[in-house]
Amino acid sequence: MKISKEFQNGFLIFLGIAIYFLFMNLVGLSDVFYLRLFNTLFVLYGVNRTIMMNIHDGEVLLANNAKSAMKTSLIGVFLSIIGLIIFSYLQGGDQYVQSLSKTFLFGGNPSVMTYSICLLFEGIASTVVVTMLLLLYWNNRLVTD
């Protein structure tokens with residue numbers, strides 16, 4: 001059974017984000033907001049890898065690469081959110097999430113699920129942005145007349 005390149009690279013995105021956040025948690029920096037922005041690098045890497053694999057396989061149509069790139073990053077986002085939910089409950093549930101949310105977008109006391117759903121929407125938005133940026137980058141490189 002062959003695993004699709006989208007799932008492989010989506011899983012790489014998940015692994016990168018998971019290891020990064022576990023490291024940040026270990027050194028006590030999980031509440032520093034701007035360090036969380038570096039997870040975009042893992043998404044960029046995974047999506048770019050998928051597009052490069054497509055190009056290597058001869059797939060240069062923008063629509064097909066867009067579908068593949070979106071699928072890759074959405075897999076990474078969904079796996080990361082599932083991992084966050086599991087990790088949050090292992091760390092104490094709502095109390096753990098409330099310690100994270102002091103410097104994030106939330107007011108009040110969000111639950112694990114509220115926090116996760118908001119991050120899911122943020123992840124989907126970043127999926128669209130990253131996909132569009134990389135497609136524009138690769139489209140300019142593949143133009144042939």
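The values are calculated or read from the model by the stated rules, or taken from the named source; none is laboratory data. Bear in mind the structure is a predicted one, so any value in this text is a computation, not a measurement. Virtual Cβ from ideal backbone geometry, glycine too; neighbours counted across all protein chains shown. To get the accessible areas, we keep the full protein, side chains included, count just its heavy atoms, and leave off ligands, DNA and RNA. Shrake-Rupley method; radii C 1.70, N 1.55, O 1.52, S 1.80 Å.
What translational diffusion coefficient, to the nearest whole µm²/s, does the chain have by Stokes-Einstein, given a Kirkwood radius computed over alpha-carbon pairs, a temperature of 37 °C and 0.692 mPa s viscosity? Estimated diffusion coefficient is 204 µm²/s.
Phi angles across region 112-123 convert, under the Karplus curve 6.51 cos²θ - 1.76 cosθ + 1.60 with θ = phi - 60°, into 3J(HN,Hα) values of 4, 5, 4, 4, 5, 5, 5, 5, 4, 5, 5, x Hz, Gly and Pro given as x.
Send over a whole-number figure in Å² for the accessible area per residue of the chain, probe 1.4 Å. All intermediate terms of the calculation are to be shown ahead of the outcome.
On the way: 8800 Å² over 145 residues.
Result: 61 Å² per residue.
Which whole-angstrom value gives the distance between the alpha carbon centres of region 43-65 and region 109-129? Using only Cα atoms to place each centre, the spacing works out to 25 Å. Computed over the alpha carbons of region 50-100, Rg followed by Dmax gives 17.1, 50 Å.
Would you mind telling me the share, in percent, of accessible area of the chain contributed by carbon and sulfur at probe 1.4 angstrom?
On the way: 6090 of 8800 Å².
Roughly 69 percent of what the probe reaches on the chain is carbon or sulfur.
Please work out how many pairs of lysine residues in the chain are eight or more positions apart (or on different chains) and have Cα atoms closer than 29 angstrom.
On the way: LYS2/LYS67; LYS2/LYS71; LYS5/LYS67; LYS5/LYS71.
Within the chain, the lysine pair count is 4.
Largest accessible area first, the residues ARG36, ARG49, ARG141 order themselves as ARG141, ARG49, ARG36 under a 1.4 Å probe with ligands, DNA and RNA left out. What share of Cα pairs, in percent, lie more than 16 angstrom apart in region 1-65? Value for region 1-65: 54 percent of Cα pairs lie more than 16 Å apart. Counting only Cβ charges, +1 for Lys and Arg and -1 for Asp and Glu, the dipole size of the chain around its Cα centre is about 120 debye.
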